[in-house]
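Some notes on the structure that comes next.
The values are calculated or read from the model by the stated rules, or taken from the named source; none is laboratory data. Everything numeric here is computed off the predicted structure, so don't read it as measured data. Every residue, glycine as well, gets a Cβ built from its backbone with ideal geometry; the counts of neighbours run over all protein chains shown. In case anyone asks, the SASA skips ligands and DNA or RNA and just uses the protein heavy atoms, side chains included. Shrake-Rupley method; radii C 1.70, N 1.55, O 1.52, S 1.80 Å.
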Amino acid sequence: MSALRITVNGREHVLSAPPETTLLALLREHLGLTGAKLGCDVGDCGACTVLVDGQAVNACLMLAAQADGRSVLTIEGLATPDGLHPLQEAFERHAALQCGFCGPGAILSAKALLDANPAPTGAEIRDALAGNLCRCTGYTKMITAVHAAAQALRGAGAEMPPLGLTASPSIPLPGGEKGGGLS
Amino acid sequence: MRRRGRGIACMWYPIGFTVSANPSAATVKVNEDGTATLLTGTVETGQGSLTVLGQIAAEALGIATEDVHVVSADTDATPMDTGAIASRTTYVTGNAVKLAGERARAILFEAAAPMLGVKPEQLEARDRKIQVRGFPQRSVAIGEAARHALVGKGEPPIGTASFNPPTVAMDPETGQGKPFATYVYATQIAEVEVDDETGEVEVLRIVAAHDCGTPINPMLVEGQVEGGIAMGIGFALQEEILFDDDGRQINPNLTNYIMPTSLDMPEIEVDIVPSHDPTGPFGAKGVGEPTSVPTAAAIANAIYDAVGVRLTALPMTAERVLAAIKAKRAAQPQQLR
């Protein structure tokens, strides 16, 4: 068993899990957070996408132990008691999801994009969503929704840093290449 | 060299099947607070059918969509529905919902008529009220009418109805009949670029004009068309189930069964053609499956326009397109460039 200390949606968990446990299994089966979906289980479909230290990862390909000491955001942690996140609002308003199975992953991929790039082009949005397969929508309304959410977030002002400052985030990659302070 | 071409394809498509009975049923009950509850057996799979059916019930009762609580897909509580298949829900289930709403409304009219001192035929349901046609200031709130129907007249405002599309069996001698109650029509135009050295096809733009009757919810119609086009692009260029000699699928996962991603999607322009079908609920027909019917044909025609080769097998992968280009050049060496 591996001893883990993981912050999930702002709350720290100290737990132990068998070493082969994936981050996705930890979230869904141990913590009961079923927003991240088990789709292909081999990293093709993106339905399991969560943010680890701000970066979008396929939770089915990451071991829970690799998330030790890191901060994980799932779709359950995106809305606040005050309301939905602007991305969730925009996805709803533009009917960007149909069956919705890809939704938690697509929305978190979009969040990782907007955190790093508050004013993305259409090509940048398509690129950010390329790892999230959707069989229903044709992606068109998703792309529109991400544009709308980016605009809403920029309009909200204070909490978003000005364009450019976050272009090269000093976030440690899950693989550890940049793993500065957190390893 | 990348060569550009345009292709067009048209289709018609029948709404609902008729090889056997194809009924839907619905119950609409109007509550004393002016809201309504709709019971339907149909299944929401993300296409937005419960939104559309709620809109139809609301329109029949003159209330807002958010006033309608939809209870669906629970055969303990809801009427049976033939299913979310055959692009039938808006037309077949929608007609059942409209009829059920109108039956509940007729009970409200009977209750409201003596309250307003007119005959039921003089009433209409609008803006959450039952009002005298032409004299909207003479009205009662719909909840008040519902309460009076229930406790005053002893007839709760509940309507139940079913709809089975009317058809005419085919005459075996003439081949004439009416196999489907209604049809939808569409034209899609594809603009592509084909690399004549690699055979790779990129779809740049698709314009899709669809006659789906009167769209109950245009945004959801667009969503169906865009999704259908994505499936059509996969069908045209990427998706193929491959088998080995023993019949086992050799590409059973999304690494090698390739489907469109956000990067494969072209610019899409959806044109909802103004139309009204008098047999549909408030003029509506349907839109689901037809959206992916003409896409691959339009792309095939665009490839022909771009590089002059006629592909007759799908998907039109780079290998197949390049093979066709090479075969054409071999057959016409004098035209090599």
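Quick notes on this one:
- Qualifying position, being part of a strand (DSSP E or B) and of a type outside the set (Lys, Arg), among B:Ile85, B:Ile130: B:Ile130
- Residue check for B:Asp33: more than 14 Å from chain A (Cβ to nearest Cβ) and without any contact (Cβ under 8 Å) to a residue 24 or more places away in the chain: no
- Among the residues of region B:215-230, not one is open to solvent by 40 Å² or more (accessible area, probe 1.4 Å) and touching a Gly at 6+ places or on another chain (Cβ under 7 Å).
Yes/no per residue for (1) over 26 Å from B:Glu222 (Cβ atoms); (2) in a loop (DSSP other than H, G, I, E, B):
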| residue | (1), (2) |
| --- | --- |
| B:Val270 | no, no |
| B:Pro278 | no, yes |
| B:Phe282 | no, no |
| B:Thr291 | no, no |
| B:Ala296 | no, no |
| B:Arg310 | yes, yes |
| B:Glu319 | yes, no |
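- Verdict on A:Ala67 being without any contact (Cβ under 8 Å) to a residue 60 or more places away in the chain and either assigned by TED's automatic domain parsing to the domain that holds A:Val146 or of a type in the set (A, V, I, L, M, F, W, C) (or both): no
- Criterion applied to A:Gln88, A:Gln98 was being part of a helix (DSSP H, G or I) and either within 14 Å of chain B (Cβ to nearest Cβ) or not basic (Lys, Arg) (or both), and the one residue passing it is A:Gln88.
- Qualifying residue in region A:2-17 (condition: part of a loop (DSSP other than H, G, I, E, B), more than 14 Å from every other protein chain (Cβ to nearest Cβ) and open to solvent by less than 20 Å² (accessible area, probe 1.4 Å)): no
- Residue in region B:103-112 that is within 17 Å of B:Gly34 (Cα to Cα) and in contact with a His (Cβ under 6 Å, 6 or more places away or on another chain) present: yes
- Contact map, region B:57-76: first residue more than 15 Å from B:Ala100 (Cα to Cα), second residue basic (Lys, Arg) and buried (at least 16 other Cβ atoms within 10 Å of the Cβ), Cβ cut-off under 8 Å, separation 6 or more or different chains; pairs are B:Ala64/B:Arg128; B:Asp67/B:Arg128.
- Scanning region B:69-78 for residues that are modelled with pLDDT of 95 or more and closer than 21 Å to B:Asn22 by Cβ returns B:Ser72, B:Thr78.
- Flag for B:Thr89 being out of contact with any strand residue (DSSP E or B) (no Cβ under 7 Å at 6 or more places or on another chain) and either at negative phi or open to solvent by less than 20 Å² (accessible area, probe 1.4 Å) (or both): yes
- Only one of the numbered conditions (1) among the hydroxyl-bearing types (Ser, Thr, Tyr); (2) more than 14 Å from chain A (Cβ to nearest Cβ); (3) in contact with a strand residue (DSSP E or B) (Cβ under 8 Å, 6 or more places away or on another chain) is not met by B:Thr291, and that is (2).
- Criterion violated by A:Leu173 - all others in (1) in contact with a strand residue (DSSP E or B) (Cβ under 9 Å, 6 or more places away or on another chain); (2) more than 18 Å from B:Ser262 (Cα to Cα); (3) among the hydrophobic types (A, V, I, L, M, F, W, C); (4) modelled with pLDDT of 95 or more satisfied: (4)
- Residues that are over 13 Å from the mean Cα position of the chain (by Cα) and either away from chain B (no Cβ under 14 Å) or open to solvent by less than 10 Å² (accessible area, probe 1.4 Å) (or both) within region A:28-59 comprise A:Arg28, A:Glu29, A:His30, A:Leu31, A:Gly32, A:Leu33, A:Thr34, listed in sequence order.
- Residues of region A:101-127 that are open to solvent by 30 Å² or more (accessible area, probe 1.4 Å) and within 10 Å of another protein chain (Cβ to nearest Cβ): A:Phe101, A:Ala123, A:Arg126, A:Asp127.
- Identity of the residue in region B:231-245, within 11 Å of chain A (Cβ to nearest Cβ) and open to solvent by less than 10 Å² (accessible area, probe 1.4 Å), that ends up nearest to B:Leu204 (Cα to Cα): B:Ile233
- As for region A:60-77, it holds at least one residue that is modelled with pLDDT of 95 or more, within 14 Å of another protein chain (Cβ to nearest Cβ), open to solvent by less than 50 Å² (accessible area, probe 1.4 Å) and under 14 Å from the mean Cα position of the chain (by Cα).
- Every test in (1) at pLDDT below 95; (2) within 14 Å of chain B (Cβ to nearest Cβ) is passed by A:Ala167 save one, and that test is (2).
- Scanning region A:135-157 for residues that are open to solvent by less than 10 Å² (accessible area, probe 1.4 Å), within 8 Å of chain B (Cβ to nearest Cβ) and not polar (S, T, N, Q) turns up A:Gly138, A:Tyr139, A:Met142.
- Pairing residues of region B:89-118 that are more than 24 Å from B:Ser72 (Cα to Cα) and touching a residue at least 12 places away in the same chain (Cβ under 8 Å) with residues that are among the charged types (D, E, K, R) and open to solvent by less than 50 Å² (accessible area, probe 1.4 Å), at Cβ distances under 9 Å and at least 6 apart in sequence or on separate chains, gives B:Phe109/B:Glu124.
- Cβ pairs under 6 Å, 6+ apart, first in region A:45-64 and closer than 25 Å to B:Pro260 by Cβ, second polar (S, T, N, Q) and open to solvent by less than 20 Å² (accessible area, probe 1.4 Å): A:Gly46/A:Asn132; A:Thr49/A:Ser109; A:Val50/A:Thr74; A:Ala56/A:Thr49; A:Ala56/A:Ser109
- Screening region B:253-280 for residues that are open to solvent by less than 60 Å² (accessible area, probe 1.4 Å) and of a type in the set (Val, Ile, Thr) and picking the one that is farthest from the other protein chains (Cβ to nearest Cβ) gives B:Val273.
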